[in-house]
Amino acid sequence: MFDEINNKLLNNIVKTNKNKSSYWKEHLRDNADFQNPYSHLGFGSYTKKNIKNYIHNLLARVIFGNNVFKTKMYYAYKSVFDKINRFIDVDTIRHIFTFEKLKEHVNPKSICVIGDGKINGILGAHLAFPNAKIYSVNLSETLINDNMILEKIDINLKKSVTLITDLNFPTKDKILTLIPSNLKKILLNKNIELFINIVSFQEMAPDEVKEYFEIIKNNKSKLYCCNRQYKKLPGGEELYFEKYPFSNSKKIFWEDCPWHQKFYSLKPPFIHNYGGNIRHCLVDFL
Ligand SMILES: C[S@@+](CC[C@H](N)C(=O)[O-])C[C@H]1O[C@@H](n2cnc3c(N)ncnc32)[C@H](O)[C@@H]1O
């Protein structure tokens, strides 16, 4: 099943290329190693367990404190990652904080993750809301990479996957539906209760962001949006958090994102600021 999905996605790359901003045209070029689950192409990392993990742990505790390592979401991710020798690194920790916070505000029956990476978003959505139907919309290459990681894990989410291949495709009663970005309109009128976008609108072409907001509004959904306050892409596209088309939505929270201000790497000076302030909000399009 996974090979069949990936073969279809490989043939679909030419179609999702049209949804790439200048940033993604650079990061996902023809020779990008997207068929390697461990590759680092700008959509998150997959850190294998190894001898250096104690340094990651130390740096993570300096930035985030100890409490995140005692949360339910931390243990939920850990139980899945331990079986595939995957370490909970900074990219997963950002998602742990996110789902801990979302659980305080929502209990959706259907969720769409726009622009996930290394399955951190879809896995967190499934672990936090086990009864929810999940949609993941992304570029074909990232969906292939996610799908290869999904194949390794042993949870219900992986046992029930479907790939949308055209706009008339019936959205079956599968737990997880993968949607290449060229077919995003299939998400219209689906009664999706929560959309999640974590640091990915900030790297899309503004018209692409607009299309996603139209879909979110059409679903009368809630949106969790966590993105750079301002980002300029290599081709000159400019993205402003406050200028996304939030009009007619009700704010549930809206603030600087506490866990998206610093990250660590194993290179000096070890602790770094992201390239600009990151805001996050939960809004309701009612
Ligand atoms: C910086 S990564 C963020 C990954 C993940 N959300 C995280 O926080 O680690 C941005 C994501 O947006 C995706 N993306 C880029 N253009 C897209 C588009 N037009 N539609 C959907 N996803 C897109 C990329 O493939 C990538 O997965």
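The values are calculated or read from the model by the stated rules, or taken from the named source; none is laboratory data. If you're wondering where the values come from, they're calculated on a predicted model, not measured in any experiment. As a convention, Cβ positions derive from the backbone with ideal geometry for all residues, glycine included, and neighbour counts pool all protein chains shown.
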Checklist entry - Residues of segment 10-24 being in contact (Cβ under 8 Å) with a residue 40 or more places away in the chain and either buried (at least 19 other Cβ atoms within 10 Å of the Cβ) or of a type outside the set (S, T, N, Q) (or both), which ones? => result Leu10, Asn12, Ile13, Lys15, Thr16, Lys18, Asn19, Lys20, Ser21, Tyr23, Trp24
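Those residues that are part of a helix (DSSP H, G or I), within 23 Å of Lys267 (Cβ to Cβ) and not aromatic (Phe, Trp, Tyr), I need them from segment 34-67; list them, please.
Passing the criteria: Asn53, Ile55, His56, Asn57, Leu58, Leu59, Ala60, Arg61, Val62, Ile63.
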Checklist outcome for this item: Going through segment 235-252 in order, the residues found to be under 21 Å from Asn218 (Cα atoms) and either in a strand (DSSP E or B) or not hydroxyl-bearing (Ser, Thr, Tyr) (or both) are Phe241, Glu242, Lys243, Pro245, Phe246, Asn248, Lys250, Lys251, Ile252
Checklist entry - Does any residue of segment 243-264 turn out to be among the aliphatic types (A, V, I, L, M), farther than 19 Å from Pro108 by Cβ and either out of contact with any His (no Cβ under 6 Å at 6 or more places or on another chain) or more than 11 Å from the ligand (Cβ to nearest atom) (or both)? => result no
Checklist outcome for this item: Of the residues in segment 169-198 that are at pLDDT 95 or above and β-branched (Val, Ile, Thr), the one that is nearest to the ligand (Cβ to nearest atom) is Ile198
Checklist entry - Out of (1) away from the ligand (no atom under 16 Å from the Cβ); (2) touching a Leu at 6+ places or on another chain (Cβ under 9 Å); (3) farther than 27 Å from Ile96 by Cβ; (4) among the small types (Gly, Ala, Ser), what's the single condition that is false for Gly236? => result (2)
Checklist entry - Can you tell me which residues in segment 240-286 are of a type in the set (A, V, I, L, M) and more than 18 Å from the chain's Cα centre (by Cα)? => result Ile252, Leu266, Ile271, Leu286
Checklist entry - Among (1) surrounded by fewer than 20 Cβ atoms within 10 Å (Cβ to Cβ); (2) more than 16 Å from the ligand (Cβ to nearest atom), which single condition is Lys222 missing? => result (1)
Checklist outcome for this item: Taking segment 199-219 and the residues there that are β-branched (Val, Ile, Thr) and more than 10 Å from the ligand (Cβ to nearest atom), the one that is nearest to Lys250 (Cα to Cα) would be Ile216
Next on the checklist: Exactly one condition in (1) touching a Ser or Thr at 6+ places or on another chain (Cβ under 7 Å); (2) within 14 Å of the ligand (Cβ to nearest atom); (3) part of a helix (DSSP H, G or I); (4) not polar (S, T, N, Q) is false for Lys8; which is it?
Outcome noted: (2)
Checklist entry - Is it the case that His40 is under 18 Å from the mean Cα position of the chain (by Cα), more than 23 Å from Leu163 (Cα to Cα) and either away from the ligand (no atom under 11 Å from the Cβ) or surrounded by fewer than 17 Cβ atoms within 10 Å (Cβ to Cβ) (or both)? => result yes
Checklist entry - How many residues does segment 100-120 contain that are at negative phi, within 16 Å of the ligand (Cβ to nearest atom) and not in a helix (DSSP H, G or I)? => result 6
Checklist entry - Among the residues of segment 11-33, which ones are assigned to a loop (DSSP other than H, G, I, E, B) and basic (Lys, Arg)? => result Lys20, Arg29
Item to check | Test: Asn53 is farther than 22 Å from Leu176 by Cβ, surrounded by 12 or more Cβ atoms within 10 Å (Cβ to Cβ) and either hydroxyl-bearing (Ser, Thr, Tyr) or within 14 Å of the ligand (Cβ to nearest atom) (or both) | outcome: no
Checklist entry - Can you find even one residue in segment 191-201 that is surrounded by fewer than 19 Cβ atoms within 10 Å (Cβ to Cβ) and free of Cβ contacts under 8 Å to residues at least 60 places away in the same chain? => result no
Checklist entry - Out of Leu123, Leu143, which single residue is at pLDDT 95 or above, within 11 Å of the ligand (Cβ to nearest atom) and crowded, with 19+ Cβ neighbours inside 10 Å? => result Leu143
